[in-house]
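Working notes, structure below.
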Amino acid sequence: MKKFKNLALLMALAMGLTFTSCSKDTANVVDEEQEALAPVGIPQDAFEKAQSLHFNTFDMQKTMFEKPGGKMEEAYLLEGDIIMSHDQLMSMEIGDGITSKQYRTNNLVSPGVITIIGYTANNSNGLSSKMQTALQWAVNNYNRLNLNISFQLTFGTNWQDKDMVVYQTNGSAGGSAGFPSGGNPYKFVQLFSGLNSSIYDTNVVEHVTTHEIGHSVGFRHTDWFSRQSCGQNTNEGSAGVGAIHIPGTPTGYDASSIMVACFSSSEDGEFNNNDITALNFLY
Ligand SMILES: [Zn+2]
């Protein structure tokens, strides 16, 4: 998750305007959303797939994704902090799986124990001590709910055989994760080095870590339709399109949800009651 991205928004708006001016002669324009051109570097099929899954594609971009130890892979970055390979994006199912409020993906994690390791190698990917504490607190957030998934946390460097690995990468305050597939959580959770700033106490890092683990077990952004938490107001009013409401959770903007797209320096790191309702519903 990231803090404000108004520049990206402006660029996306500019590209949208460009498209409008270029498409005057296009016949049979049925659906403006589906006609939109993909940003530079994004294949049109991937862009349209992301739109059909009701992702907010305003700042969709191609990125180089760093794994623990520095290996880089190409991936898409959606909604600021969601990493997906081309294959995973294209294989995601459209339909009733894209559920909303609290939103989740089609894919959930199979019940059981999830092994999760905090990566502590003495290199740029090793977690800072604040991040390690925050990871412990984030895992506690989930485990104290007695869900049908639980996390077994260790710290070290042997991440290959674990279900999930939490590690540090260089960047502004925030993190990234992805969505489950095949009953497994998304393996790679990044915490960005900007979180080491004294502006952010351990509770804020706990918030970011809990949020990214939330994506890894299938949660979407609760404000994906508006990115209201980021100071944006895109696509307002379409909440619930192609989505199923989880009983007992609100249908509007839920500012204190841990799954809103952007965060502030005053987060307490805890689930709100709607997050807990949603977790208990799914797990
Ligand atoms: Zn997020």
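The values are calculated or read from the model by the stated rules, or taken from the named source; none is laboratory data. Keep in mind it's a predicted model, so treat the numbers as computed, not measured. Heads up, the Cβs are rebuilt from the backbone with ideal geometry, glycines too, and the neighbour counts pull from every protein chain shown.
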**Request:** Would you point out which residue out of Asn158, Asn125, Asn141, Asn170 is crowded, with 20+ Cβ neighbours inside 10 Å, at pLDDT 95 or above and farther than 18 Å from Gly269 by Cα?
**Result:** Asn125
**Complete:** Residues in region 173-202 that are out of contact with any strand residue (DSSP E or B) (no Cβ under 8 Å at 6 or more places or on another chain) and either in a loop (DSSP other than H, G, I, E, B) or crowded, with 22+ Cβ neighbours inside 10 Å (or both) total 8
**Asked** Quick one: what pairs do we get from region 253-264, first residue acidic (Asp, Glu), second surrounded by 23 or more Cβ atoms within 10 Å (Cβ to Cβ) and part of a loop (DSSP other than H, G, I, E, B), C-beta under 6 Å, 6+ apart or different chains?
**Response** Asp254/Thr222
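Name the residues in region 143-163 that are in contact with a helix residue (DSSP H, G or I) (Cβ under 7 Å, 6 or more places away or on another chain) and farther than 20 Å from Ser193 by Cα, would you?
Leu145, Leu147, Ser150, Phe151, Leu153
The rows are residues; the columns are (1) hydrophobic (A, V, I, L, M, F, W, C); (2) in a helix (DSSP H, G or I); (3) within 19 Å of Asn272 (Cα to Cα); (4) away from the ligand (no atom under 16 Å from the Cβ).
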{"residue": "Gly118", "(1), (2), (3), (4)": "no, no, no, yes"}
{"residue": "Gly126", "(1), (2), (3), (4)": "no, no, no, yes"}
{"residue": "Phe151", "(1), (2), (3), (4)": "yes, no, no, yes"}
{"residue": "Lys162", "(1), (2), (3), (4)": "no, no, no, yes"}
{"residue": "Gly171", "(1), (2), (3), (4)": "no, no, no, no"}
{"residue": "Val204", "(1), (2), (3), (4)": "yes, yes, yes, no"}
**Complete:** Checked against (1) in a helix (DSSP H, G or I); (2) within 16 Å of the ligand (Cβ to nearest atom); (3) touching a residue at least 40 places away in the same chain (Cβ under 8 Å), Ala50 satisfies every condition except (3)
**Message:** Given the condition over 19 Å from Tyr76 (Cα atoms) and modelled with pLDDT of 95 or more, answer yes or no: does some residue in region 242-251 qualify?
**Reply:** no
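Being at pLDDT 90 or above and part of a loop (DSSP other than H, G, I, E, B) is the filter here, so list the residues in region 53-68 that pass it. Full working, then the answer.
First, the residues of region 53-68 that are at pLDDT 90 or above: 60-68.
Answer for region 53-68, where residues must be at pLDDT 90 or above and part of a loop (DSSP other than H, G, I, E, B): Met60, Lys67, Pro68.
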